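In what follows, a single structure is set out as C-alpha cells and then discussed.
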Amino acid sequence: ACLHFLYDLRPALLTALLSPVNESLWEHLKILYWPCLIAGALLARGRREELAPRMAALLLSCAAMLAVGWAYHVLLRGESLFFDIALYVVLAAVCFFLPCFGNTPLGSGRFFPLALLTALLGAALIVFTFFPPDNILFFDLSGVWSWVTLPC
C-alpha cells in the first residue's frame, strides 16, 4: 500500500512505473499488481503448478478492482477513502490466499495463457502510464464529483 505514495515522494521514471501517478482507477492497479506479482513469484519459487493459480488470482483481483472501483466511483459517484482501502485489502487477500485453498481448478494446466495475460497486463500498466487512453478508467477522479450537490 505504501506504493501509493511513492511517486509523490520521489517523482521519477521508475517510481511512475511502480506507483500511481494520479487518482485514476487504472493507475491504482499498480499497488495491487506489482506486489502480488513479485510475492506470488517468490512464494511459488518457479514451480508452474503453484505459479499458475497465483497468476489467475492476480488477474482476477485486478479485474475485480477495476470493476468494483468503476461501479463505486463512476456509477455510484462514491468518494470514500475507507471503501478504497477496504477494497484493496480484500483484493490483496484474495490474491494471496485464493491459490492456497487446496485443489482448486484455478489456473491448473493453463500456465502459458495465464503468463501471457499477466505479462500483457504488466505491459499495459507501463504503456498506459505514459500514454493513457481517453477513457473513464484513466481519468484522474480526485474531486471529480465535488461539484455535485444532491437536492435535500
Fill in the blank from the handout: All-but-one check, Pro133 against (1) modelled with pLDDT of 90 or more; (2) assigned to a helix (DSSP H, G or I), failing number (2)
Problem - Selection from the range 97-123 of residues that are at pLDDT 90 or above and surrounded by 13 or more Cβ atoms within 10 Å (Cβ to Cβ) - result: Pro113, Leu114, Ala115, Leu117, Thr118, Leu121, Gly122
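The values are calculated or read from the model by the stated rules, or taken from the named source; none is laboratory data. All values derive from a computational prediction rather than experimental measurement. Note that each Cβ is placed from the backbone with ideal geometry, even for glycine, and that neighbours are counted across all protein chains shown.
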